[in-house]
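Undergrad: Submitted below is the structure of interest, expressed as structure tokens.
The values are calculated or read from the model by the stated rules, or taken from the named source; none is laboratory data. Keep in mind it's a predicted model, so treat the numbers as computed, not measured. Note that we place each Cβ from the backbone using ideal geometry, even for glycine, and neighbour counts take in every protein chain shown.
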Amino acid sequence: MKSNAAQQKIHIEECDGNEMILNLGPSHPAFHGAIRTQIRLDGETIVAAASEIGYLHRCFEKHAEQGNYQQVIPFTDRLNYVSSMMNNVGYCRAVEDLMGINVPERAIFIRVIICELSRIIDHLVCVGTNLVDLGALTNFWYTFNVREMVYDMFEKISGARLTYSYTRIGGLSRDLYDGFMDDLKVVIKETEKAVSDVKGLIYKNRIFLDRTVGVGVVTKEQALDWGFTGPVLRASGVPFDVRKAEPYYFYDTYDFDVPVGEHGDTYDRVAVRMEEIIQSIRIIQQCAARMPQGPIITADPRIKLPDKHEVYGSIEGLMNHFKIVMHGITPPVGEIYSRTEAANGELGYYIISDGTQHPFRVRVRPPCFYFFAAYEHIIKGQMVADAIATLGSLNIVVGECDR
Amino acid sequence: MQKIKNHLKKTLSGVVADASHDAKSMQEVLVIKPEHIHQVATILKVELKFDVLIDVFAVDWFNKKDTRFEVNYLFYHTAENYRAQIKALIGDNAKPSIDSIADVYGSANWAERECYDMFGIRFNNHPNLKRLLLWKEFKGHPLRKDYPINQRQPIPVLDEIL
């Protein structure tokens, strides 16, 4: 500890009176989560920056190798805790594809609705907090009001407000509650209102434009080189969306657009997110109109616990029950890279099965990780206040970045 | 897509030990020797225009005697919507090392640091090969299969990072 302090002192003395070193984070309200960037300042201009992560590291990948396949689902809640549902869905989809399970249609439609609702709240949180950093506090209430309503819905669906663990391998843990569709209509209406309110407040706002246009520019080539995906990549002008490029869950049958930015600056990233909320609403409406009836979990005997009357009434049911409870789910030997479009970009799960009940390797491809890796390059040459605006628009969720 | 596939097979035929199509993951899987990785990455980026390196991660095949560590690279071609996975099997079990491709793909920088952190695989010519998620006093590499899950570690000290 002592030697570090001494080193730091030498560094500051080296700065010949004009430059100073400043720590952004790891614990500051404008830095969304425990991440640290050390910057060297000349006046208020950043001349050098270096980032550090790991404050929220809990070695998810090692934990995942300890339990069985179902026990990984609660860990995935903690990845991107702003939109946990999408992590649940991404993981379950990976295991299902590895085992070749057909998920019932109703479960798929419910998954799409909860995913798009999660995308909406994730974008609302990102835009809301980003605007708070810029001093536009009112928008925060508009966006977080809607988020609160969606949280209430999710609470009624799954029993939890943040860490849902709602999906199961092969389907869902429970069906939607009565009156879900009515709540959904209200939420959609309120979301549309909130989005138009926020748009009205910021799009022609002189202060907002001055703070965001041309700030934190990421060119197309840079974005691709740094491995960006999701809204941040699309704001730079690349129309890559896993939902369109490699459709899953009938996304090819929904009518929706992929908003694309032009300049890759903070303004574009906010605007792309606002537009994606509208597109998500379109998907939800089509999905709700087509919602089929039926089971919510697959009947595949390899993963579904048999009904109670079968367990008590037949030897096959009893044996199957015992087998699943004692031995867990055992996918065949193999590897899969399954990806879904999460709120921040491509969320990939690389799962390797060695045929036992424990996953041999679970690798998460977190979209935020690559945003934050590039952050130190993006902010070079900017003002400190612009660095904060840039960070907010990248939407770093540390639970996912550090895993 | 077919054009890229043929081109991929033609240009990389000398260095690829095994090639297959993974239907479940919808991508080509190419197995190479670790000494070719920089050459392969350059070909993929410059000639074949795979513009995104999606991810880099390692696997510890604890029971395989000759090639225990494997580094995987996931590439994506945005124009053709096409994916390729490169598997580099590292022969040296005691001191695993492979060339860095951080100068070809910017996203490899932190991803390779994470591999080093978690598996102890050294990336030669990496611009800044330090631990990423863990602190520098940490002993061992936690995602190796022989690392016990209840291992205790020294208390971290704040590090100078700039």
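Undergrad: Restricting to the stretch A:206-249, name every residue that is of a type in the set (F, W, Y), buried (at least 20 other Cβ atoms within 10 Å of the Cβ) and either within 12 Å of chain B (Cβ to nearest Cβ) or in contact with a Lys or Arg (Cβ under 7 Å, 6 or more places away or on another chain) (or both).
TA: Filtering the stretch A:206-249 down to residues of a type in the set (F, W, Y) leaves A:208, A:226, A:228, A:240, A:248-249.
Right, trim to buried (at least 20 other Cβ atoms within 10 Å of the Cβ) and you get A:208, A:226, A:228, A:240, A:249.
Across the stretch A:206-249, the qualifying residues are A:W226, A:F228, A:F240, A:Y249.
Undergrad: Applying the selection to the stretch A:55-81, what residues are of a type in the set (A, V, I, L, M), part of a loop (DSSP other than H, G, I, E, B) and surrounded by fewer than 24 Cβ atoms within 10 Å (Cβ to Cβ)?
TA: So in the stretch A:55-81, the residues of a type in the set (A, V, I, L, M) come out as A:56, A:64, A:72-73, A:79.
After this cut, where a residue has to be part of a loop (DSSP other than H, G, I, E, B) as well, the list is A:56, A:79.
Residue satisfying the conditions is A:L56 alone.
Undergrad: Got a sec? Which of A:I324, A:I396 is part of a loop (DSSP other than H, G, I, E, B), more than 11 Å from chain B (Cβ to nearest Cβ), over 26 Å from B:K87 (Cβ atoms) and in contact (Cβ under 8 Å) with a residue 12 or more places away in the chain? Let's see the steps before the verdict.
TA: Values: A:I324 fails: part of a loop (DSSP other than H, G, I, E, B).
Residue meeting the stated conditions: A:I396.
Undergrad: Still on this structure: For the stretch B:1-37, enumerate the residues that are in contact (Cβ under 8 Å) with a residue 12 or more places away in the chain, polar (S, T, N, Q), within 14 Å of another protein chain (Cβ to nearest Cβ) and outside any loop (DSSP other than H, G, I, E, B).
TA: Within the stretch B:1-37, B:Q27 is the sole residue that qualifies.
Undergrad: Sort out which residues of the stretch B:76-88 are outside any strand (DSSP E or B) and aliphatic (A, V, I, L, M), and write them in order of number.
TA: Of the residues in the stretch B:76-88, the ones outside any strand (DSSP E or B) are B:78-81.
Answer for the stretch B:76-88, where residues must be outside any strand (DSSP E or B) and aliphatic (A, V, I, L, M): just B:A79.
Undergrad: Could you tell me which of the residues A:G294, A:G317, A:G392, A:G381 is crowded, with 18+ Cβ neighbours inside 10 Å and assigned by TED's automatic domain parsing to the domain that holds A:F140?
TA: Working: A:G294 fails: crowded, with 18+ Cβ neighbours inside 10 Å; A:G317 fails: assigned by TED's automatic domain parsing to the domain that holds A:F140; A:G381 fails: crowded, with 18+ Cβ neighbours inside 10 Å.
Selected residue: A:G392, the only one of A:G294, A:G317, A:G392, A:G381 that is crowded, with 18+ Cβ neighbours inside 10 Å and assigned by TED's automatic domain parsing to the domain that holds A:F140.
Undergrad: Okay, next question. Filter the stretch A:250-270 down to the residues that are touching a residue at least 60 places away in the same chain (Cβ under 8 Å) and assigned to a helix (DSSP H, G or I) and list them by number.
TA: A:Y251, A:T266, A:R269, A:V270, listed by residue number.
Undergrad: For A:T76, work out the one condition from (1) more than 30 Å from B:D60 (Cβ to Cβ); (2) at pLDDT 85 or above it doesn't fulfil.
TA: If we test A:T76 against (1) more than 30 Å from B:D60 (Cβ to Cβ); (2) at pLDDT 85 or above, just (1) comes out false.
Undergrad: Which of the residues spanning the stretch A:172-205 are surrounded by 14 or more Cβ atoms within 10 Å (Cβ to Cβ) and among the polar types (S, T, N, Q)?
TA: Answer for the stretch A:172-205, where residues must be surrounded by 14 or more Cβ atoms within 10 Å (Cβ to Cβ) and among the polar types (S, T, N, Q): A:S173, A:T191, A:N205.
Undergrad: Looking at (1) over 24 Å from B:S25 (Cα atoms); (2) more than 9 Å from chain B (Cβ to nearest Cβ), which one does A:F75 not meet, given that it meets all the others?
TA: (1)
Undergrad: Looking at B:V56, B:V71, B:V40, can you tell me which residue is assigned to a helix (DSSP H, G or I) and of a type outside the set (F, W, Y)?
TA: Working: B:V56 fails: assigned to a helix (DSSP H, G or I); B:V71 fails: assigned to a helix (DSSP H, G or I).
Sole residue among the options that is assigned to a helix (DSSP H, G or I) and of a type outside the set (F, W, Y): B:V40.
Undergrad: A further question follows. Sort out which residues of the stretch B:89-128 are surrounded by 18 or more Cβ atoms within 10 Å (Cβ to Cβ), assigned to a strand (DSSP E or B) and out of contact with any Pro (no Cβ under 8 Å at 6 or more places or on another chain), and write them in order of number.
TA: Across the stretch B:89-128, the qualifying residue is only B:F123.
Undergrad: Confirm whether B:L162 is at pLDDT below 90, in a loop (DSSP other than H, G, I, E, B), in contact with a His (Cβ under 8 Å, 6 or more places away or on another chain) and more than 30 Å from B:E28 (Cβ to Cβ). Full working, then the answer.
TA: Details: at pLDDT below 90: yes; in a loop (DSSP other than H, G, I, E, B): yes; in contact with a His (Cβ under 8 Å, 6 or more places away or on another chain): yes; more than 30 Å from B:E28 (Cβ to Cβ): yes.
Judged against the criteria, B:L162 is a match.
Undergrad: With respect to A:R211, determine if the residue is touching a residue at least 24 places away in the same chain (Cβ under 8 Å), in contact with a Gly (Cβ under 9 Å, 6 or more places away or on another chain) and either closer than 16 Å to A:G392 by Cα or not hydrophobic (A, V, I, L, M, F, W, C) (or both).
TA: Details: touching a residue at least 24 places away in the same chain (Cβ under 8 Å): yes; in contact with a Gly (Cβ under 9 Å, 6 or more places away or on another chain): yes; either closer than 16 Å to A:G392 by Cα or not hydrophobic (A, V, I, L, M, F, W, C) (or both): yes.
Here the answer is yes, as A:R211 does meet what is asked.
Undergrad: Regarding A:R339, is this residue surrounded by 23 or more Cβ atoms within 10 Å (Cβ to Cβ), free of Cβ contacts under 8 Å to residues at least 40 places away in the same chain, of a type in the set (D, E, K, R) and at negative phi?
TA: Numbers: surrounded by 23 or more Cβ atoms within 10 Å (Cβ to Cβ): yes; free of Cβ contacts under 8 Å to residues at least 40 places away in the same chain: no; of a type in the set (D, E, K, R): yes; at negative phi: yes.
No: the conditions fail for A:R339.
Undergrad: Restricting attention to the stretch B:66-78, does a residue exist that is facing chain A (nearest Cβ under 10 Å), β-branched (V, I, T), surrounded by 21 or more Cβ atoms within 10 Å (Cβ to Cβ) and out of contact with any Leu (no Cβ under 6 Å at 6 or more places or on another chain)?
TA: Within the stretch B:66-78 (the criterion being facing chain A (nearest Cβ under 10 Å), β-branched (V, I, T), surrounded by 21 or more Cβ atoms within 10 Å (Cβ to Cβ) and out of contact with any Leu (no Cβ under 6 Å at 6 or more places or on another chain)), the answer is no, since none of the residues qualifies.
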